[in-house]
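Single-structure report; data block below.
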Amino acid sequence: AISISITYYQGLIQREEQITIPIYVTQLSSPLVPILIRFNTTALVTGSIEHTTLIIQNMLNQSLYNITITLTPQGPWYINVTTITLPVLKPLQTIYIPVEVYVQTSGVFTLASTIYYYQQGLLKQSQETINELVSGTVNIVITDVTTIPSVIERGGIVSVTAVIYNFGTGTAKGLAVTVFPPKGIEVIGQNTYYVGNLAPDTSSTFTFAFKILNTTQPGNYVIPVRFSFTNDI
């Protein structure tokens, strides 16, 4: 993580902010590799075929010829391209190859590569390891809502309970539900309900109480709901 300190003036008042930015980096198997292989994405997603790009870059100031790259997934995941042949890689040249990747579970997955190439007429070999972050998907859907009276008197109170279900493949960690009632409807208490962790194929409920103000105009009202959480990585 990189910590950034920002100091500025707002009017005549000096203010200061602290920001922490997480940076994900690719770990190389050696300090200097002739051909660098990596994905162009920060993290893959489990449970679906991911269309991404494999980046191959010549790290030398010399041309490399008759390149053969063999990719071997280390673990339960699939890539539709396992052998790549290139006639030449010019100095510092970068090539982008579309690939399809499927991963069953989340975590850190490894793709091993064996590279054969010719440099100045000599056959050489190198090996490289690609580590990729994989996160589970989170798909939270409101599946049921308690019956709300079609007619509510001004000044009355109504309690709404909703059932939510995680149809994804990853856990929604620290799940919090926040409602934003429109003008004329007031939340009784806090407008955020803490659910906790919601695992895949798991349901939960949350309840909010609302007061209908005396100034509320007759009509149908929609209350937006926001889900906040972190994924499994």
Most fluctuating of Asn66, Asn131, Asn214 in the GNM of the chain (C-alpha, under 10 Å) is Asn214
The local net charge around Phe206, scoring Lys/Arg +1 and Asp/Glu -1 for residues other than Phe206 whose Cβ lies under 14 Å from its Cβ, equals 0
Filtered hits (lysines, Cα-Cα < 16 Å from Lys183, offset >= 8 within chain) -> Lys211
Rounded to whole angstroms and listed largest first, the alpha-carbon spread of the stretch 1-133 along its three principal axes comes to 68, 39, 23
In cubic angstrom per residue, the convex hull of the chain built on its Cα atoms measures 200
Among Ala209, Ala172, Ala112, the residue with the largest mean-square fluctuation in a Gaussian network model of the chain built from Cα contacts under 10 Å is Ala209
Rounded to one decimal in nm, the spacing of the 7 Å Cα→Cβ label points at Tyr221 and Val141 is 2.8
tail above 15 Å in the computed P(r) of the stretch 155-233, as % of all Cα-Cα pairs, reads 59
Residue separation between Val88 and Ile185 times 0.36 nm, minus their alpha-carbon distance, gives in nm 28.2 nm
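None of the figures in this text is laboratory data; all of them are computed from the coordinates on show. All of these numbers come straight from a predicted model, not from anything done at the bench. Cβ atoms come from the backbone with ideal geometry, glycine included; neighbour counts cover every protein chain shown.
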